[in-house]
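Written out below as structure tokens is the structure these notes cover.
Throughout, read-outs are computed from the coordinates displayed, never taken from laboratory work. Quick caveat: nothing in here was measured; it's all calculated off a predicted structure. Every residue, glycine among them, receives a Cβ derived from its backbone with ideal geometry; neighbour counts consider all protein chains shown.
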Amino acid sequence: MNWYPAPAKLNLFLHVLGRRADGYHMLQTVFRLIDRCDRVGFALRADGRLRRTTRIAGVAEEDDLCLRAATSLKNFAIEYLGVSAGALGADIALDKVLPMGGGLGGGSSDAATTLMVLNQLWGLALSQDDLERLALALGADVPYFLFGRPAIAEGVGERLRELSLRSAWYLVLTPQVSVSTKEIFSDPALTRDTKPLTIPPFFAGSGRNDLEPVAVRRYAEVARHLTWLRNRVPGARMTGSGACVFAEFSDLRQAEDLAARLPADMRGFVARGLDRHPLHANKLRQD
């Protein structure tokens, strides 16, 4: 079994601009990868089977995004490339570090790593555009992890433009609750008419997270962690639909000093902002 990284992301801001007729929301957000990662393991099989070898509590096999990504890639290769099904097998394992329902994009990142790695291990040589089309069918955030650089995202999150960001460190707090993205987006109180920002330029602290007021009202632990962090760093905010909240620092020591002051009943970690996905930077380097 060879292991590959699947990094987390932060939404440095997240604006909801409107809702389409099909129910999907139009967004504007800035994504940044951080060096906190799940790991996805792969071992090729000669019998064409795709098998999940790690059980994840609360995730049925049919809902496992790694397995769904592998199946989608396999079906595409069979239908459009004429590859034999028997040549496209793998055991897939997951070392889960990122919290589920935390707004860090762990499942989406796991799926993107699966697409990138199996595209190479199976020798398919699919283009970035082909992979991104498969990725979007798996979830709105998955194309970003394939893109793998700081970006402004628009549409439902699939229209991506690279953005230059300064070096930064982040203290991320992880409330021990799992937030339902569907629940947050369906809340009647959600603001859905924010005006888009003109980017570039982008400045740290720009915008806000429109999902934050809904998550704070619904989840007391999100509210408690955000209040603690914002009392010390006024620009702190939530990432994605929650539950995680974060603050940005230009200096590692400042982030670590505040992390050391966390109350005993709060959890968190310090992470560095990345300029490239580790699989891009290291040519599918194994961990």
Segment 17-52 scanned against label point 7 Å out from PHE203 along Cα→C-beta; backbone N under 18 Å for 30
Between the Cα axis of helix 128-138 and the main Cα principal axis of the chain, the angle (0 to 90°, nearest 10) is 70
With R₀ set to 22 angstrom, the calculated FRET efficiency between the beta-carbons of ARG166 and GLU256, to the nearest 0.05, is 0.75
Along the dipole axis of segment 75-153 (charges at Cβ: +1 for Lys and Arg, -1 for Asp and Glu; origin at the Cα centre), the most positive-end residue among GLY101, ALA77, LEU118 is GLY101
Mean Cβ-within-10 Å packing, highest first, puts peptides 41-48, 128-135 in the order 128-135, 41-48
Placing each pseudo-label 7 Å from Cα in the direction of the beta carbon, TYR80 and SER180 end up separated by a distance in nanometres of 3.4
The size of the Cβ-based charge dipole (Lys, Arg +1; Asp, Glu -1) of the chain about the Cα centre, to the nearest 20 debye, is 500
Taking Cα atoms only, helix 106-121 is inclined relative to the longest principal axis of the chain by an angle, in degrees rounded to 10, of 30
Per the rule of 0.36 nm per residue minus the C-alpha distance, extending ARG20 to MET1 adds in nm 2.6 nm
Mean Cβ-within-10 Å packing, highest first, puts peptides 67-73, 165-171, 3-9 in the order 3-9, 67-73, 165-171
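Can you sort HIS25, HIS15 from fewest to most other Cβ atoms within 10 Å of each residue's own Cβ? Can you show the working numbers first?
On the way: HIS25 18, HIS15 23.
The order, fewest Cβ neighbours first, is HIS25, HIS15.
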